[in-house]
Structures are given as structure tokens and as C-alpha cells.
1. Sort Ser48, Ser3 so that the residue with the fewest other Cβ atoms within 10 Å of its own Cβ comes first and the one with the most comes last.
2. In degrees between 0 and 90, to the nearest 10, how far off the longest principal axis of the chain does helix 6-37 point, with axes built from Cα atoms?
3. Only counting other Cβ atoms within 10 Å, I'd like His25, His40 sorted with the fewest neighbours first.
4. Hey, fewest Cβ within 10 Å first, where do Asp70, Asp5 land in order?
5. Which distance in nm do the two modelled labels at Glu7 and Asp57 give, with both placed 7 Å along the Cα-to-Cβ direction?
6. Given Cα pairs under 8 Å that are at least 6 residues apart, what percent is the relative contact order of the range 6-67?
7. Just from its helices, what would the mean residue ellipticity at 222 nm be for the chain, if runs of 4 or more DSSP H residues each count -39500 (n - 2.57) and the sum is divided by every residue, rounded to the nearest 500 deg cm²/dmol?
8. Which value, in debye to the nearest 20, gives the size of the charge dipole of the chain about its Cα centre, when Lys and Arg are +1 and Asp and Glu are -1 at the Cβ?
Amino acid sequence: MMSVDKEALNQSIRRFLKEVGIKSHQQLEQQILAAVEAGHTAATIEVSMTLSLPSLDYTTTIRGQLPVRDQ
């Protein structure tokens, strides 16, 4: 059985999540601001993020809501 360097794995995961976080934040902000400028009036926007590991045949989706304006 092959061993895993957990510290190296965790560093790799953190680097990946940092990149995902930065890019996701930019896209969310850009799309939401554009929607508000175009007249979107809902107080919240539904969001979801799908994480997939194709080589492991694994997919999961995380869902939530973002408050856009005061209710």
C-alpha cells in the first residue's frame, strides 16, 4: 500500500482552494453586481458550487444563498 504525505497533500489542497476561492469570489461579485444593475430585485441569490474529482468518480454540490440587499 502506498503512503500519503498528509502535510504535502494538505498544502496542495489549500493552494487549490485558494485559487478556487479567489476566482469564485470574482465571478460571484461580477455576476451579482451585473444582475442588480440590470434590475434584479430579490433580496437573496441562490448559489451552488460543484466539486468533482473525475479520476475518483466523485461529485458533490454545495448550495446556499447570498444576501444581496437589505430586506
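1. Values: Ser48 8, Ser3 5.
With the fewest neighbours first, Ser48, Ser3 line up as Ser3, Ser48.
2. On a 0 to 90 degree scale, this one is about 10.
3. Exposure proxy ranking, most exposed first: His25, His40.
4. So the ranking, lowest neighbour count to highest, is Asp70, Asp5.
5. Rounded to a tenth, the inter-label distance reads 3.5 nm.
6. On the way: 33 pairs, mean separation 14.8, N = 62.
Here the relative contact order equals 24 percent.
7. Working: 1 runs with 32 residues, N = 71.
So the helix-based figure for the chain works out to -16500 deg cm²/dmol.
8. Dipole about the Cα centre, nearest 20: 140 debye.
Taken together, the values in this text are just the output of simple stated rules run on the coordinates, not laboratory data. The model shown is predicted, which means the values in this text are computed figures rather than measured ones. All Cβ positions, even for glycine, are placed from backbone atoms using ideal geometry, and neighbour counts span all protein chains on display.
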